[in-house]
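Just so it is clear, none of the values below were taken in a lab; they were calculated from the coordinates. Keep in mind that what you see is a predicted model, and the values were worked out from it rather than measured. Note that we place each Cβ from the backbone using ideal geometry, even for glycine, and neighbour counts take in every protein chain shown.
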Amino acid sequence: MRNSSWASMFRSPFVVIVSLVTLWFVATFLVFPNANLLISTFLPQGQFSFRAIDKLVSSERAMNSLWHSFALAATLAVTVNVVGIFIVLVTDYFKIRGARMLWLGYATTLIYGGIVLAAGYNFIYGRYGFVTNAVRNWFPEIDPNWFSGYFAVVVVMTLATTTNHMLFLGSSLAKIDYQTIEAARNMGASTMSILWRIVLPALRPMIFAVTVLTFLTGLGALTAPLVLGGTDFQTIAPMILTFSKSTGSRDLAALLAVILGLATIVLLAMMNRVEKSGVYFSVAKVATPLQKQRIPNRFANAAVHVAAYVLFVVYATPVLLIVLFSFLQSSAILTGSITWGDFTLDNYATVFGTPAVLRPFVVSVVYSALASAIVVGGMLFVSRVLQKHRNPVTTMLEYLLHIPWILPTILIALALVMTFDRPNAMVGGQVLTGTTSLLLIAYVIVKVPFTLRLLKAAFASVPESLEDAARILGAGSMFTLRKVLVPLILPTAAAITALNFNSLLDDYDAAVFLYHPLYQPLGVAIKASTEGENNVDSMSITFVYTVLLMIIMGFTMYLVYGRGGSSTRRRKRRAGTVTVK
Amino acid sequence: MNKRTLTATLAAVLLGTLALTSCSSTAGEASSSGDSSGTLIVYTNSNSDGRGEWVTAKAAEAGMKIEIVGLGGADLANRIVAEKNNPVGDVVFGLNNMFFETLKSEDAVSAYTPEWSGDVDKSAGDAKDGAFWPLVEQAIVTVYDTNTVTGADAPTQVSDLWEDAAYDGRYEVNTSLGQATPQLVLAGLLAPYADKKGDLGISDAGWKQVQDYYKHGSPAVEGTDLYARLTRDEVDYGVLPSSGITSRDAEYATKTGVISPKDGVPYVTEQIAVINGTPRQGQAEKFIDWFGSADVQGEFAAEFASFPVNEKARAQALPEVVALIESLPKQDIDWSLTRERISEWVEKTELEYLP
Amino acid sequence: MIRFENVEVSFGEKIAIPDLNLEIEQGEFFTLLGPSGCGKTTALRTLAGFIEPSRGEIYIDGKVATRLPSEKRSVGMVFQNYALFPSMSVRENIAFGLRVRKTRKAETALLVDEIAAQVELTSEQLAKNVSELSGGQQQRVAIARALVLKPRILLLDEPLSNLDAKLRVQLREQLKNLQRELGITTVYVTHDQEEALTMSDRIAVFNHGVVEQVGTPEEIYNRSGTEFVCTFVGAMNRLSGDVVHQLRQRGGTGLAAAKTSYLRLEKVSLHAPTGATAAIRLDGVVAGRSYHGSHSTYTIDSHGSSIRALVPEGGGCPLEPGSAAQLYIDPSSVLQY
């Protein structure tokens, strides 16, 4: 039951405590520091100036980059859905030979990203990539720069951001009542029309949720345009980054961030509306587990198989290359002429030869694990209260909790350092700057919006009668949450925790300003070992770190998804089907 | 749980896990920044290529326990400014004079006259107030590979690159203006055109230079080293701090040539200073006295191909480094103007001139 | 035992129940009957404590319970979709309420076994996951879970609607027997009038949030208080004005001409009744016949009405469609509104 009455909200001590803690967190860590920073940047002399707006509007480059960012986000919202839905369908919906292997190939984007991913694609299809070279041996007239600009950025980012589809759309698909499909087939519907009219509409809420995430990724695109965009297709994120680091230009960075943030808010408002309206989940009394569909048309079947495997190769090659490249000298990789003599263990020797090389790994694993556990644990309560009690205060809280999506991490980090560098009453008169806790706080903050969104969606899919049943049996809010609701959304919560963990593991933006000198996290360590004027092996070293990260992240994903093989997966999904009865 | 226990718990968790892996000698040395004894925290952007480890080891030999915190120049400067009310670091070295001017104007560093002050050219540091002191000099040079470009083909003036159509798109321009080197390039381009009446203190002709420089250049590719691009004939020229040449020639089998314009090239000087408000003032001063001394700077120069400002240390510098530096005249750059204006220049360039 | 007094329930602007007054006796099997969306489930959920009325009071055992949290009302509830917790075994589901009350382990096991025996769940079934049970078994689990806490009131929200017809009839009896055995006050929500008639001690017929009639199944069926009740409960012939006119002319003087008239199927006879009777004969033509095993339903066209009549199996030779037939109707059994 959605309850809008204030009285009911304040009657439960659980709700009151969660609300108060959330209010404190939002006020102390989201609103106060950022407001501080924004006020000092926009109103340096206590007076608002239109300088930033004037500067940006009169800059053709800024306007172009901004437009590119929006164009990229809009394009990705379409292309990622096409590829993502295709991937989910071939791995989970249609009968495709070797679907399990395909799944693993598509899942590679779970364990790497950023500069390495973009570079990986560049090494294959870029100007000096070996595919380009091979093709040019046969067709010399082909433009070596064919893989650059808008097209290349869209292709690479499309492939790189299907992660959310794989994880969240896949589990939604498993919850579809198979009887609806059987019924449609019985009435003579074709495979295609079942897909269009039954399956995809049932997936709509989740498609919408992942589309928002995709759109955000597109708006914030940084490395792919830098590596592949060329001069014609640069986005706004690098400019925001440059401006955030300069005191004088920080207002420009903030303004640009706010523009992107407004777009995000509009999208969020739309998403909230869709979430509120209607239940799309199966209303079947006894849901039947989904069975994989055969594609009846032989030609279509062959075409889908071919497409699935081509995509598999496209997904898997960069990963294999990165592993390969981690054993190569930088000069060989960068100049594109690889011989047997270029293979070396030197890169690994360099990384493992660094004193205390494991230390940053341990620090980052501890920070990331703590932060992901805290944020998922906390948001379990918060998203529950937000979902149960709709009133102006909770609505406002919900929007405020999305602040970290709006502001770039660098600004959030700077705001934290500057706010907590003196005793602050909000945190019990403590100074947090220079302590180990500030980075943890930052990590928790940046993961709040993503966690909140997905947990809220997960709670929304639990039927209300389960809560009523628990309540009438005397269970309190906490007990119901712990024993009834959390077990149901545990698969989603675990996936979110793993994703949060993986993405924090090599964070640089927050760490650089916040890390305690004695506890250097991995992102900073990688940057330190790859930067420097004399460091010519930086690319190889990056690859070595990436391979090590892939191992950790792969292990994390294995813990969440892989244990016990396919049987766990099936059982989890069946447990899911019970919930939508 | 109050904040202090939270902090303590977190530190304990971190420590505990670190102790388990028992991979570090410093793990047991955690101390809060408010402690006046204990490990000296040294901030630097000059810790790569084993320099950090070298300094740590040498300092330990000299009886000083230090922890190096290495970050990129701009990030490091930002961090120090952000932390100025509650400093975490005690000493900072390696940032160039431009960054140090910023730190000084933010009161983030405090003045101290090291024992070796007599051995360095005071004008290379903060001659007026002695807030920071010079260690190492670097030239920002335009290089090419003499294997592919003969000295005769190379321009004699850097400006030829964008004024002569023959070089169109054949030289790399670094567009990451948040970093130190591209900012120095910009400063070097604008220095001759200082004009009080011009936009941001620069005449229109100056801005035209900047515009043409970026317009005709080939933007640097993220993740791809300049020398990789030189080797695969993507570009012929690019900008580099002089200390990076030696190792690249070894790695890429190039033979670097340097354009030496008669007006000179921008020089930057890496500095050292005590961070304002450190509780370990005494230790910090001791470290500065030690690190800037002729012996240590000489050893450092021999090890890392640097060119020390300390005149007594220069004897130990590598001969080819000395030869290169001595062949390159110093461009006349008004550093105080640059410091004051650079962020505006970067902003204008970023908004209007970058490709 | 339970009393609704001027209860009004609204969802925002929309008023679901304008003014509900009901009294339910101790040990009674009381049914809320009505079409979907009539407010019967809302009334039940209000009684359960899931919805707070915007006005009026609810009394349980003579005490005001309007704002009492649901767990303090001593009510057990079986949900339409059972709302079993999918993450727990059958035993854990049943024991849930006991666990919340921190009942000792040994006692819990005892109570669960006891109630499981009562609802005929085997010990193997207790160990299973709820998703492994059939619909009927799941329903038993839901009932056991509600009863194990020994509530004073049992609320059932369309508990049989998800089951197939045969099982439904079977469980209907079992449920009724169980209720009688335990003597527990039961409030039952259904849209199935047959369920209501067979199981209930008393029925309240809901329409648009308003109780149209409260009464025993016989009262509801034979003396339907309103036109809605009469048409909703059981099958009805609606009589045309011409038929009423004919009846009035032939001695049915008590009938009003201007009202809508209804007649139960079993009140129509195709054979002249024996003995003294007020039955009036009408002529008609057989339009159709449907066979139900135990009886047949004939449709006779007469004076502009299609009048259906029940003839028990063996109650006379079958009439062929198209043949002439006579209807015998007692005007006193005609209901007028």
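Details
- More than 25 Å apart - percent of Cα-Cα pairs taken over the stretch A:28-163: 55
- Note on the stretch B:284-355: Cα-only Rg and Dmax are 17.6, 47 Å.
- For chain B, the longest principal axis of the Cα atoms and the long axis of helix B:180-190 meet at an angle of about 40 degrees.
- Local electrostatic count, B:ASP289, Cβ distance below 13 Å [Lys/Arg +1, Asp/Glu -1]: -3
- When Rg and the Kirkwood Rh are both derived from Cα coordinates, the Rg/Rh ratio for the stretch C:2-232 amounts to 0.97.
- For the residues of B:338-351, the average number of beta carbons from a partner chain within 10 Å of their own beta carbon is 4.
- Of A:LYS175/A:LYS388; C:LYS102/C:LYS128; A:LYS292/A:LYS447, pairs whose Cα-Cα distance is over 32 Å: A:LYS292/A:LYS447
- Helix B:335-348 axis, angle to chain B major axis (alpha carbon atoms, nearest 10°): 70
- Prolate/oblate/rounded label for chain A (Cα gyration tensor, a/c 1.5): oblate
- Positive end of the dipole of chain C (Cβ unit charges, origin at the Cα centre): among C:TYR221, C:GLY322, C:GLN174, the Cα lying farthest that way belongs to C:GLN174.
- With N the number of residues in the stretch B:108-191, Rg(Cα) / (2.2 N^0.38 Å) evaluates to 1.55.
- The equivalent ellipsoid of the stretch B:190-271 has semi-axes of 29, 17, 11 Å, largest first, where each one is the square root of 5 times an eigenvalue of the Cα gyration tensor.
- Candidate cross-link partners of C:LYS63 among the lysines, defined by an alpha-carbon separation under 21 Å and a same-chain spacing of 8 or more, comprise C:LYS72, C:LYS150.
- Remark: C-alpha extents of the stretch C:58-168 on the principal axes read 42, 38, 24 Å, sorted largest to smallest.
- Max mean-square fluctuation residue, GNM over chain B, Cα-Cα springs under 10 Å, options B:GLY63, B:GLY298, B:GLY151: B:GLY63
- Using distinct alpha-carbon pairs, which all enter the 1/r mean, Kirkwood radius of the stretch A:177-240 in Å: 14.8
- Of all DSSP beta bridges confined to the protein assembly as shown, the antiparallel ones make up roughly 70%.
- Counting only lysines at least 8 places from B:LYS104 when in the same chain, those with an alpha carbon closer than 21 Å to its own are A:LYS245, B:LYS84, B:LYS122, B:LYS128, B:LYS286.
- When chain C is treated as a Gaussian network with alpha carbon springs shorter than 10 Å, the biggest mean-square fluctuation among C:PHE11, C:PHE30, C:PHE232 belongs to C:PHE11.
- Gaussian network model of chain C, Cα within-10 Å springs - most flexible of C:CYS317, C:CYS230, C:CYS38: C:CYS317
- P(r) tail fraction, the protein assembly as shown - alpha-carbon pairs more than 66 Å apart, %: 25
- Net charge of neighbours whose Cβ lies under 12 Å from the Cβ of C:ASN6, counting Lys and Arg as +1 and Asp and Glu as -1: -2
- Neighbouring Cβ atoms from other chains, within 10 Å of the Cβ of residues in A:514-524, number 6 on average.
- Put simply, the C-alpha atoms of the stretch B:52-176 give a gyration tensor, and the ellipsoid matching it has half-axes of 37, 18, 17 Å, longest first.
- Shielding by partners - mean other protein chain Cβ count within 10 Å, residues of A:362-368: 3
- For the pair B:ALA152 and B:GLU320, a Förster radius of 25 Å applied to the C-beta separation gives a FRET efficiency near 0.65, rounded to the nearest 0.05.
- Two numbers describe the Cα atoms of the stretch C:284-337: Rg and Dmax, which are 11.8, 36 Å.
- Translational diffusion coefficient of the stretch B:249-300 (Stokes-Einstein, Kirkwood radius from Cα pairs, 25 °C, 0.890 mPa s): 163 µm²/s.
- From least to most packed, judged by other beta carbons within 10 angstrom and beginning with the fewest, A:LEU43, C:LEU327 follow the order A:LEU43, C:LEU327.
- The fewest-to-most ranking of A:VAL363, A:VAL258, A:VAL18 by surrounding Cβ atoms within 10 Å reads A:VAL258, A:VAL18, A:VAL363.
- Reachable aspartates and glutamates, given that their alpha-carbon falls under 16 Å from the alpha-carbon of B:LYS262 and they are not under 8 places away in the same chain: B:ASP160, B:GLU326, B:ASP332
- Averaging 1/r across all pairs of distinct Cα atoms in the stretch C:96-231 and inverting the result yields a Kirkwood radius of 16.7 Å.
- The rule of thumb for compact globular proteins, 2.2 N^0.38 Å, goes into the C-alpha radius of gyration of the stretch A:8-102 1.94 times.
- Size of the stretch C:189-310 as Cα extents on the principal axes (Å, biggest first): 42, 37, 29
- Summing charges over all other residues whose Cβ lies under 10 Å from the Cβ of B:ALA220, with Lys and Arg as +1 and Asp and Glu as -1, gives -2.
- Whole-number D in µm²/s for chain B (Stokes-Einstein; Kirkwood sum over Cα pairs; 10 °C, 1.306 mPa s): 73
- Ascending count of other beta-carbon atoms within 10 Å, so fewest first, for A:TYR519, C:TYR337: C:TYR337, A:TYR519
- Percent of Cα pairs exceeding the 15 Å cut-off, where the set is the stretch C:182-241: 49
- FRET E, pair A:LEU345, A:SER190, Förster distance 56 Å, beta-carbon r, rounded to 0.05: 0.50
- Note on A:ASN145 and A:VAL258: their simple-model spin labels are 3.7 nm apart, each label 7 Å out from Cα toward Cβ.
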